[in-house]
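Below is one structure, written out as structure tokens, with a few remarks after it.
The values are calculated or read from the model by the stated rules, or taken from the named source; none is laboratory data. From a predicted model like this one, the values you see are computed outputs, not experimental measurements. Heads up, the Cβs are rebuilt from the backbone with ideal geometry, glycines too, and the neighbour counts pull from every protein chain shown.
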């Protein structure tokens, strides 16, 4: 479909994901007259960043678990107004598994979703344009004991806390690398967990090179300072230049071993220290959800962790498909809001057949430029230890679903000649389980010494055969 | 006594209701997912893997990793982090593929 074909229809836009990027895009487009269908897996809008406690928990102070609550309130109120006006149709608990181009007689897109939480019933929404705001999830690299219960992703601990108002345990270590660890540690401590160690592998010296970029983002620096102050108030011991080398326990984590890293990112012998805990919240950065874009044939940048390629208007290289937020490269909620707003302006103009006017989104564009530069700097500083893969012992399970060990992956490379992730998968089953490699891909690729590359998953989530059998035209 | 997440968010859910975990009755709060109910009771693992029989529970917490699979009302392989609990739910820990205990045979 071309943009001119779209201009002839009275067009509707499907926005996939109701986090910051999807909301900003849906609201911007709807406020300019576009009919929007907003599909989201959650029971409430907000995505991961603004995940709300379940309504029935009747939380009177959900803001106690959140940063930038004022921004959320405005988004929430604007959404309510657009839904009331009939311009946004907000479909909750829709797990989109495929977006199909040239669907049906209309020639637009078919957005295929499973209805949650059962996910046995299906629904297809048609649209003339699509915005992918599928967000991201956490990257965790393998280490000894990382499959033990009580070892959770930092984001997962936060999601369970924000959504269910529960903690995984009482004594937590928060470890890994990246800006997410700070709010997670502060959140767990505020909710009553004893956070006995905050272990960041990056070293303050890693940030010094980026002083100018950091100084250009005073709001982000102030945000970090606020979290640091909260960690101090909760007496959370902060250790930098260290890493968790092992989690110990039988039925659940009982302790972790933490060790110092040298300037090359190798564990320094004789620095190991054991810390008793019943929870390890761990993360090594974020990954973009690119499945829907990949199936649509959108260009994906796979030079590092994969993300959807977009132009200055947040358009992908597939006509009628826009993308915004973490799916287009990790950069946090403020960047997602700016990208979503830009996409909304572009979509509203192009669906009316009018040339978009970049002046309309000049402020969002400046924010986008500044925050992309900021997160590029953070990304270099917060990189996992350079030699992490060497330190993954042969006996460590790297693919959690299929329980494939590092030794099996190494054998596939060294003895059987595998040189890419797909071959490693076919030889070892690593990445073939329930999660389809979403969790293990960076770990397996690191141990194998090959790039992650595009995943080429046909569906974005498991689909019951009964649903597939009912699809028209099959 | 440290404060709880419910206190922090000033949550005032309706009265607790009963569900069972492997036949044992436990309390659940309205709105909580199966995983949140289990965590509240201090239960962090409810699945044994197909290969080594290793214990698993919540890992990603957002429906991506499928580590938290659980059997609810005889339906195996439900993601505990996504599925809301409901009064009377029979939650069962799960072995391997989750089908053996249900008499469907291995799939």
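If you check A:75, A:57, A:131, which single one turns out to be out of contact with any strand residue (DSSP E or B) (no Cβ under 8 Å at 6 or more places or on another chain) and crowded, with 19+ Cβ neighbours inside 10 Å?
Being out of contact with any strand residue (DSSP E or B) (no Cβ under 8 Å at 6 or more places or on another chain) and crowded, with 19+ Cβ neighbours inside 10 Å holds for just one of A:75, A:57, A:131, which is A:75.
Out of the residues in the range B:1-25 that are buried (at least 16 other Cβ atoms within 10 Å of the Cβ) and more than 7 Å from chain A (Cβ to nearest Cβ), state the one that is farthest from the chain's Cα centre (by Cα).
Restricting to residues being buried (at least 16 other Cβ atoms within 10 Å of the Cβ) and more than 7 Å from chain A (Cβ to nearest Cβ), the top hit is B:19.
What about residue A:236, is it surrounded by 20 or more Cβ atoms within 10 Å (Cβ to Cβ) and assigned to a loop (DSSP other than H, G, I, E, B)? Quick ask: steps written out before the conclusion?
On the way: surrounded by 20 or more Cβ atoms within 10 Å (Cβ to Cβ): yes; assigned to a loop (DSSP other than H, G, I, E, B): yes.
Criteria met by residue A:236.
Please work out which one of (1) more than 14 Å from every other protein chain (Cβ to nearest Cβ); (2) closer than 24 Å to residue A:439 by Cβ; (3) in contact with a helix residue (DSSP H, G or I) (Cβ under 9 Å, 6 or more places away or on another chain) is the condition residue A:157 fails and give its number.
For residue A:157, the failing item is (1).
Yes/no matrix, rows are residues, columns are (1) at pLDDT below 95; (2) out of contact with any helix residue (DSSP H, G or I) (no Cβ under 6 Å at 6 or more places or on another chain):
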{"position": "A:11", "(1), (2)": "yes, no"}
{"position": "A:18", "(1), (2)": "no, yes"}
{"position": "A:21", "(1), (2)": "no, no"}
{"position": "A:46", "(1), (2)": "no, yes"}
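Give the range A:191-213 a look and list any residue that's touching a residue at least 60 places away in the same chain (Cβ under 8 Å), in contact with a helix residue (DSSP H, G or I) (Cβ under 6 Å, 6 or more places away or on another chain) and either within 17 Å of residue A:225 (Cβ to Cβ) or more than 14 Å from chain B (Cβ to nearest Cβ) (or both), or say none.
A:202, A:206, A:207, A:210, A:213
Going by the conditions given, is residue B:30 free of Cβ contacts under 8 Å to residues at least 60 places away in the same chain, within 7 Å of chain A (Cβ to nearest Cβ), surrounded by fewer than 24 Cβ atoms within 10 Å (Cβ to Cβ) and farther than 19 Å from residue A:148 by Cβ?
Values: free of Cβ contacts under 8 Å to residues at least 60 places away in the same chain: yes; within 7 Å of chain A (Cβ to nearest Cβ): yes; surrounded by fewer than 24 Cβ atoms within 10 Å (Cβ to Cβ): yes; farther than 19 Å from residue A:148 by Cβ: yes.
Criteria met by residue B:30.
Just for strands (runs of 3 or more DSSP E) wholly inside chain B: which have at least 3 residues that are within 26 Å of residue A:432 (Cα to Cα)? Lay out the reasoning, then the answer.
Details: elements: B:17-21, B:24-28, B:69-72, B:75-79, B:90-92.
It comes to B:69-72, B:75-79.
So which residues in the range B:36-47 are at the interface with another protein chain (Cβ under 7 Å from one of its Cβ atoms) and touching a helix residue (DSSP H, G or I) at 6+ places or on another chain (Cβ under 8 Å)? Break it down into steps so the answer makes sense when it comes.
Start the filter on the range B:36-47 by keeping residues that are at the interface with another protein chain (Cβ under 7 Å from one of its Cβ atoms), which leaves B:36, B:39-40, B:44-45.
Within the range B:36-47, B:36, B:39, B:44 qualify.
Only one of A:70, A:86 is in a loop (DSSP other than H, G, I, E, B) and either over 18 Å from the mean Cα position of the chain (by Cα) or away from chain B (no Cβ under 14 Å) (or both). Can you tell me which?
Details: A:70 fails: in a loop (DSSP other than H, G, I, E, B).
The conditions single out A:86.
Would you check if residue A:56 is assigned to a helix (DSSP H, G or I), at the interface with another protein chain (Cβ under 9 Å from one of its Cβ atoms) and more than 19 Å from residue A:289 (Cα to Cα)? Break it down stepwise before answering.
Working: assigned to a helix (DSSP H, G or I): yes; at the interface with another protein chain (Cβ under 9 Å from one of its Cβ atoms): yes; more than 19 Å from residue A:289 (Cα to Cα): yes.
So residue A:56 passes the test.
Looking at the range A:272-279, can you tell me whether even one residue there is closer than 30 Å to residue A:151 by Cβ, buried (at least 23 other Cβ atoms within 10 Å of the Cβ), within 14 Å of chain B (Cβ to nearest Cβ) and at pLDDT 95 or above?
At the first step, the residues of the range A:272-279 found to be closer than 30 Å to residue A:151 by Cβ are A:272-279.
Among the residues that remain, those that are also buried (at least 23 other Cβ atoms within 10 Å of the Cβ) are: A:277, A:279.
When the remaining residues are screened for being within 14 Å of chain B (Cβ to nearest Cβ), the result is A:277, A:279.
Within this subset, residues satisfying the condition of being at pLDDT 95 or above are A:277, A:279.
So far as the range A:272-279 goes, yes, one or more of its residues are closer than 30 Å to residue A:151 by Cβ, buried (at least 23 other Cβ atoms within 10 Å of the Cβ), within 14 Å of chain B (Cβ to nearest Cβ) and at pLDDT 95 or above.
Residue A:106: more than 19 Å from residue A:23 (Cα to Cα), assigned to a loop (DSSP other than H, G, I, E, B) and in contact with a strand residue (DSSP E or B) (Cβ under 9 Å, 6 or more places away or on another chain), yes or no?
Details: more than 19 Å from residue A:23 (Cα to Cα): yes; assigned to a loop (DSSP other than H, G, I, E, B): yes; in contact with a strand residue (DSSP E or B) (Cβ under 9 Å, 6 or more places away or on another chain): yes.
Answer is yes for this residue.
Could you figure out which of (1) at the interface with another protein chain (Cβ under 7 Å from one of its Cβ atoms); (2) farther than 30 Å from residue A:404 by Cα; (3) in contact (Cβ under 8 Å) with a residue 24 or more places away in the chain isn't true of residue A:147?
Here residue A:147 clears every test but (2).
State which residue pairs qualify: first residue within 9 Å of chain B (Cβ to nearest Cβ) and inside the range A:424-439, second residue assigned to a helix (DSSP H, G or I) in any location, beta carbons under 8 Å apart, and separation of 6 or more residues or different chains.
none
Checking residue B:91 against (1) closer than 27 Å to residue A:147 by Cβ; (2) within 11 Å of chain A (Cβ to nearest Cβ): exactly one of these is not met. Which one?
(2)
Restricting to the range A:184-204, what's the tally of residues that are assigned to a helix (DSSP H, G or I) and crowded, with 21+ Cβ neighbours inside 10 Å? Before the answer, list the steps.
Of the range A:184-204, the ones assigned to a helix (DSSP H, G or I) are A:184-190, A:204.
Pick out the ones that are also crowded, with 21+ Cβ neighbours inside 10 Å and you get A:184-189.
Count: 6.
With the requirement that a residue be assigned to a strand (DSSP E or B) and over 15 Å from residue A:323 (Cβ atoms), what does the range A:109-140 give you? Break it down stepwise before answering.
So the first thing to find is which residues in the range A:109-140 are assigned to a strand (DSSP E or B), and the list is A:109-115, A:122-127, A:129-132, A:136-138.
Once the filter is applied, which keeps residues that are assigned to a strand (DSSP E or B) and over 15 Å from residue A:323 (Cβ atoms), the range A:109-140 yields A:110, A:112, A:113, A:114, A:115, A:122, A:123, A:124, A:125, A:126, A:137, A:138.
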